[in-house]
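The values are calculated or read from the model by the stated rules, or taken from the named source; none is laboratory data. Since this is a predicted model, take the numbers as computed values, not measurements. We work out accessible area using only protein heavy atoms, side chains counted, and drop any ligands, DNA or RNA first. Shrake-Rupley method; radii C 1.70, N 1.55, O 1.52, S 1.80 Å.
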Amino acid sequence: IVRPPLVYGPRDRGVLTIARTAARGWMTLLPSEPRVASKLYSQIYGEDLARGIVEMTLSRASGWTSGEAFFLAGREIVTQEQIFETMGAAIGRRLTRVSVPAWVLRGAAHLLGAASRVTGKAFALNPDKLGELFAPAWTCSPDRAREVFGFEATTPFEEGIRSTMQWYREKGWI
C-alpha cells in the first residue's frame, strides 16, 4: 500500500488550484485548528513517486508483506507559505498574502454541501473536507520505505516546483 503526501509535478492537477492562485498574485493561507504559526506538509514530486512505486513493486522479495503501508515522501517538510512563495518565485510573481478566516471556510463548505445535495454535483469544498483543511500539519515519514526497499526521493522541492510551474505555463494551465 502506497500512501503519498502532497503530490505535485507536470500533468498533476493536485496543486493546480494553488498554482493558479499564485499565478494571479495571491497567497491564500488557510486556518488551522488548533492554531499554529504555519501549517506543515510532506510532499513528493510526481516522478519520484512513480519511481518509488516501481522500486517498491520490484523489491517485493525483500521481505515486506502484502498489505503493509509505506509513505513515499520527500525529506523536506514545507510550510503553506513556502509552497506559495516557491510557486510565485518560479514564475517571477510577488504574492499578496491573504489569510482566510475559519468562519468563511466553514460557511462556504456548508453552502457548497447544501448545493451538492440539491444539485447532485460534488464540490471540492464541503463539510467533510473541513477536518483536512483545518489540520495543522499533513506530514509523514518516508523512513520505512528507505529501510525496507531503499527508496529516497531525489527531487528538491524548489526544483520540482520550478519544473511544475514551467510546465503549467507552457501548457496554458496558468
Reachable lysines, given that their alpha-carbon falls under 18 Å from the alpha-carbon of K129 and they are not under 8 places away in the same chain
K39, K121
Counting only the heavy atoms of the protein chains, how much of W138 is accessible to a 1.4 Å probe, in Å² to the nearest 10?
130
Please state the relative contact order of the chain as a whole percent: Cα pairs under 8 Å, 6+ residues apart?
39
Mind pulling the angle between the C-alpha long axis of helix 157-170 and the longest principal axis of the chain? Nearest 10 degrees, somewhere in 0 to 90.
60
Pick from L95, L58, L49: which residue has the top mean-square fluctuation in a GNM of the chain where Cα pairs under 10 Å get a spring?
L58
Phi-based couplings in Hz for the range 25-32 (Karplus 6.51, -1.76, 1.60; Gly and Pro marked x)
x, 10, 10, 8, 9, 8, x, 10
At a probe radius of 1.4 Å, what is the per-residue accessible area of I1, in Å² to the nearest 10?
90
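Expressed as a whole percentage, what fraction of the accessible surface of the chain belongs to carbon and sulfur atoms when a 1.4 Å probe is rolled over the protein heavy atoms?
Roughly 55 percent of what the probe reaches on the chain is carbon or sulfur.
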With springs only between Cα atoms under 10 Å, which of V118, V98, V148 fluctuates most in a Gaussian network model of the chain?
V118
Applying the Karplus parametrisation 6.51 cos²θ - 1.76 cosθ + 1.60 with θ = phi - 60° to the phi angles of the range 68-81, what ³J(HN,Hα) value in whole Hz is obtained for each residue in order, glycine and proline being reported as x?
6, 9, 10, 8, 9, 8, x, 6, 6, 9, 10, 8, 4, 5
Roughly how compact is the range 7-105, stated as its Cα Rg over 2.2 N^0.38 Å to two decimals?
1.35
Distance histogram in 5 Å bins (all Cα pairs of the chain, percent per bin)
1, 8, 15, 16, 17, 16, 13, 8, 4, 1, 0
